[in-house]
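The values are calculated or read from the model by the stated rules, or taken from the named source; none is laboratory data. All values derive from a computational prediction rather than experimental measurement. Neighbour counts run over all protein chains shown; Cβ positions are idealised from the backbone, glycine included. Heads up: the accessible areas ignore ligands, DNA and RNA and are worked out on the full protein's heavy atoms, side chains in. Shrake-Rupley method; radii C 1.70, N 1.55, O 1.52, S 1.80 Å.
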Amino acid sequence: AHARDEINTRYTNDRHKAASVVEGAEQQVLFFIFKTFTQFCRAPYTVEQFKDPQFRCRSYFPAKSFHQDGNKGDKQGFPSVVYRSKLGKYADIACPVWDAATQQGIRSYDMEMKRAQLK
């Protein structure tokens, strides 16, 4: 919601541009969630570590860089002052995806490799 509000404020005179930038921001968020999930599947850490908000490796590194002061995130409507402290949200969303996919028997190469690693 913060990014959408920030974008709409920046483009008050051009709603079409605002809508386009909001769509790009939503795609960026989905990408970071997907990459966080994929990183977990390929990493040597446990589900418990992935769910632990204090575990520093749970966030996709390019997302951290994206949200640093003056980087791409600021320019795309993600104020670093707001989002720098919310990096764990990508993993917070990716964790239930892992749980649901596991419960529903959804399979992918990365997920099967993670399941084997966790045994």
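Given the condition assigned to a loop (DSSP other than H, G, I, E, B), open to solvent by 50 Å² or more (accessible area, probe 1.4 Å) and either in contact with a Gly (Cβ under 9 Å, 6 or more places away or on another chain) or under 22 Å from residue 2 (Cα atoms) (or both), answer yes or no: does some residue in the stretch 80-91 qualify? Please lay out each step first, then the result.
Our first condition is that a residue be assigned to a loop (DSSP other than H, G, I, E, B); within the stretch 80-91, this holds for 87.
Then keep just the ones that are open to solvent by 50 Å² or more (accessible area, probe 1.4 Å); that gives none.
No, the stretch 80-91 contains no residue that is assigned to a loop (DSSP other than H, G, I, E, B), open to solvent by 50 Å² or more (accessible area, probe 1.4 Å) and either in contact with a Gly (Cβ under 9 Å, 6 or more places away or on another chain) or under 22 Å from residue 2 (Cα atoms) (or both).
Considering every residue within the stretch 45-64, establish whether at least one is closer than 26 Å to residue 4 by Cβ and of a type in the set (Lys, Arg).
Within the stretch 45-64, one or more residues are closer than 26 Å to residue 4 by Cβ and of a type in the set (Lys, Arg).
Filter the stretch 8-28 down to the residues that are touching a residue at least 12 places away in the same chain (Cβ under 8 Å) and open to solvent by 40 Å² or more (accessible area, probe 1.4 Å), then identify the one that is nearest to residue 119 (Cα to Cα). I'd like the intermediate steps shown before the answer.
Restricting attention to the stretch 8-28, the residues satisfying the condition of being touching a residue at least 12 places away in the same chain (Cβ under 8 Å) are 8, 10, 21-22, 24-25, 28.
From what is left, the residues that are open to solvent by 40 Å² or more (accessible area, probe 1.4 Å) are 8, 10.
Numbers: 8: 48, 10: 50 Å.
Within the stretch 8-28, the match that is nearest to residue 119 (Cα to Cα) is 8.
Examine the stretch 98-107 for a residue that is open to solvent by 20 Å² or more (accessible area, probe 1.4 Å), at positive phi and modelled with pLDDT of 90 or more, and state whether such a residue exists. Step through it out loud before you land on a result.
We begin by selecting, within the stretch 98-107, every residue open to solvent by 20 Å² or more (accessible area, probe 1.4 Å); these are 99-100, 102-107.
From what is left, the residues that are at positive phi are 105.
Okay, now just the ones that are also modelled with pLDDT of 90 or more, so 105.
So far as the stretch 98-107 goes, yes, one or more of its residues are open to solvent by 20 Å² or more (accessible area, probe 1.4 Å), at positive phi and modelled with pLDDT of 90 or more.
Residues being free of Cβ contacts under 8 Å to residues at least 12 places away in the same chain and not aliphatic (A, V, I, L, M): count how many of those fall in the stretch 87-107. It would help to see each step written out before you state the result.
Taking the stretch 87-107 as the starting set, the residues that turn out to be free of Cβ contacts under 8 Å to residues at least 12 places away in the same chain are 89, 96, 99-101, 103-107.
Checking the rest, the ones that are also not aliphatic (A, V, I, L, M) come to 89, 96, 99, 103-105, 107.
Counting residues in the stretch 87-107 that are free of Cβ contacts under 8 Å to residues at least 12 places away in the same chain and not aliphatic (A, V, I, L, M) gives 7.
Please state which one of 77, 73 is outside any helix (DSSP H, G or I) and under 30 Å from residue 9 (Cβ atoms). If you could, list the steps in order and put the result at the bottom.
Details: 73 fails: outside any helix (DSSP H, G or I).
From the options 77, 73, the qualifying one is 77.
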